[in-house]
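The values are calculated or read from the model by the stated rules, or taken from the named source; none is laboratory data. All values reported here derive from a predicted model rather than from experimental measurement. Here the Cβ positions follow ideal geometry from the backbone for every residue, glycine too, while neighbour counts run over all protein chains shown.
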Amino acid sequence: MDADVAQELKAIREELDGLKSREEIREVLNNMARAADRADAQMQASSFHPGGTDYRGVVSGDHMNCVDTLEKWDVTQSRHCIQNISFNFLDKDTCQTETYVDAYHFWEAEKEGEGLFEFIQARYLDRFERRGGVWKIVRRMTVWDECWQEPEKPSWLRNVAGAYVKDNAFFLRPRRDRQDLYYSFELPEQLKQYEPGST
């Protein structure tokens, strides 16, 4: 093979490997956000290599310390939105990432208006390593920007029944467990009557 062609093929392979690595790392970051929102300890644990560490202020050290608190967290809803992901490859198997995160948490109370909203702004500084061909986190540091809490505001979803529909069971809601629709993608019973061909 011509030396110039061989060099070009090598460069193409390296570029493709870099693009593939970015997507695999991005998927780990997405899974970490999803794990928090669905209280999925298994998903969060699988995002770290063995011996990985997680420094988030409330809990720090071995990443399993953070995993073990996930299902005990009593928040009713949470949503972690990640963006502005920067990649810094130190070598072909080591990458540092910076990821901005905006998070929303809600603790529902029995009486409307007594719940609590929480808003988080932060950045994740992660060190990723590729071991055995698999990218995972070996260390996460959370850098906290401003965060605040607010009393519950009136909920459109709580009041929609009667105004627009007879029953707000038609509005699909999140769950912080493996019963969330993400895990099955099954249409709930109350909506199956609207499927084409249903009787």
Fill in the blank from the handout: Restricting the stretch 50-84 to residues that are over 17 Å from residue 176 (Cβ atoms) and buried (at least 19 other Cβ atoms within 10 Å of the Cβ), the one farthest from the chain's Cα centre (by Cα) turns out to be 52
Exercise for the section: Report yes if some residue within the stretch 108-118 is farther than 15 Å from residue 34 by Cα, modelled with pLDDT of 95 or more and not in a strand (DSSP E or B); otherwise report no. Expected result: no
Exercise for the section: Please state which one of 70, 90 is of a type in the set (A, V, I, L, M) and at pLDDT below 95. Expected result: 70
Problem - One residue from 160, 143 being among the β-branched types (Val, Ile, Thr) and farther than 23 Å from residue 27 by Cβ - result: 160
Fill in the blank from the handout: Note on the stretch 157-199: residues at pLDDT 90 or above and acidic (Asp, Glu) are 177, 180, 186
Practice task
Give the residue, chosen from 104, 182, that is surrounded by 14 or more Cβ atoms within 10 Å (Cβ to Cβ), under 21 Å from residue 37 (Cβ atoms) and under 19 Å from the mean Cα position of the chain (by Cα).
Solution key: 104
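Residue-by-condition table, conditions (1) touching a Phe, Trp or Tyr at 6+ places or on another chain (Cβ under 9 Å); (2) closer than 30 Å to residue 20 by Cα; (3) touching a residue at least 60 places away in the same chain (Cβ under 8 Å):
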position: 75; (1), (2), (3): yes, no, yes
position: 81; (1), (2), (3): yes, yes, no
position: 122; (1), (2), (3): yes, yes, no
position: 126; (1), (2), (3): no, yes, yes
position: 131; (1), (2), (3): no, yes, yes
position: 136; (1), (2), (3): yes, yes, yes
position: 159; (1), (2), (3): no, no, no
